[in-house]
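In what follows, a single structure is set out as structure tokens and then discussed.
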Amino acid sequence: MHAASAFTLSGRDLLGIEGLIASEITGLLDLAEEFVELNRQIEKKRTTLRGRTQINLFFEASTRTQSSFEIAGKRLGADVMNMSVGSSSVKKGETLIDTAITLNAMHPDILVVRHHASGAVALLARKVDCCVVNAGDGAHEHPTQALLDALTIRRNKGRIAGLTVAICGDVLHSRVARSNIILLHTLGAKVRVVAPSTLLPAGIESLGVEVFRTMEEGLKDADIVMMLRLQRERMAGSFIPSVKEYFHYFGLDELKLRHAAPDALVMHPGPMNRGVEIDSAVADGPRSLIREQVEMGVAVRMAVLDTLARKLPNA
Ligand code: NCD
């Protein structure tokens, strides 16, 4: 068997990075490395989740996260069902809790949930008997994104401890930023956030990050430049003067990237707004890890599902 397969998480669910200890994070990353190799083979199937039912319950639009969880579950042998809010009873006024109780009665083993409200996934987890994976809740957490980012960084830089990571853009609305800040901190990286004041949450310094308001200062000698999408669907009112001005000051182009370390690498969780937070030449350039992040996403989600499934009753 595999070296990492004896590894477990302390909880039944994965609701966030907050609360995980360093060895749990590195345990998941080590296991994910095995799945990276598996996913590059012709035969990609395992049987860890054989007989198990996984429901992907997405109350918010998603392409890569939902398909990534679906592929991950299927490669491990689960029966995977996708439920999107557009076609569910939620449209008819059913509450989150009623939806949870209804699904629970069908005896799923794993629920993968995305919801637009922070805390909704944790609330749902308390109402069901199966294990729950948070696939993004409001501006709170997106744990598997932070794990796949960490795996991508570790594979390219050989380590995480001691690196300087600049997270740039719409930090205010970003669950990706929050989960990444907590994870990178736990593993010993130095984390900076770079954004205009209107896109920074109050008290962000309490998460242990250094705050910069210009790309020139914030990118200086950074090893990793992580760009965030401008989350216009979460913005009530006007947070930026104009998209053109935002790109001028905060969009990552070749010129701004020169402030980072000479071997700095660029990341973005997707979906990207080209010409808003990132220039196409950088997104598609030799220092971009964006496509690799998507590949790592499947491997990390397999590691999470595999680990949680080993704690299910009768596993
Ligand atoms: C992120 C999300 O949904 O939080 N995307 C993703 O998971 N692929 C980031 C974003 O939407 O900007």
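Summary of values
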item	result
Förster-model FRET efficiency, 30 Å R0, Thr95 and Met235, C-beta, rounded to 0.05	0.70
In nm, spacing of pseudo-spin labels at Gln41 and Ser23 (7 Å Cα→C-beta vector)	2.9
Helix 22-39 axis, angle to the chain major axis (alpha carbon atoms, nearest 10°)	80
Taking the chain and dividing mean pair separation by its residue count, relative contact order in percent (alpha carbons under 8 Å, at least six apart)	21
Summed side-chain charge close to His116 - residues other than His116 whose Cβ falls under 13 Å, Lys, Arg +1, Asp, Glu -1	0
Cβ-derived FRET efficiency at R0 35 Å, Asp263 paired with Ser84, nearest 0.05	0.30
Residue-span extension gain [Met106 to Thr214] - 0.36 nm each, minus C-alpha spacing	33.7 nm
With Cα atoms, 0 to 90° folded angle of helix 143-157 axis to the chain main axis	60
Dipole axis of the chain (+1 Lys, Arg; -1 Asp, Glu on Cβ), positive-most option in Ser197, His115, Leu151	His115
Peptides ranked, highest mean first, by Cβ atoms within 10 Å: ranges 64-71, 229-236, 176-183, 292-299	176-183, 292-299, 64-71, 229-236
Inter-part distance where region 248-315 and region 9-25 are each reduced to a Cα centre, Å	22
Crossing angle, helix 64-75 versus the chain [Cα axis fit, 0-90 degrees, rounded to tens]	40
Net charge over other residues, Cβ less than 15 angstrom from the Cβ of Thr307 (K, R count +1; D, E count -1)	0
Estimated inter-spin distance, Asn314 and Asp284, nm [label 7 Å along Cα→Cβ]	5.1
For the chain, share of DSSP beta bridges that run antiparallel, in % to the nearest 5	5
Given charges at beta-carbon only (K, R positive; D, E negative), |dipole| of the chain in Debye	520
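Read-outs throughout are calculated quantities, based only on the coordinates presented, and are distinct from any laboratory measurement. These figures come from a predicted structure and were not determined experimentally. A quick note on method: Cβ atoms are made from the backbone with ideal geometry, for glycine too, and the neighbour counts reach across all protein chains shown.
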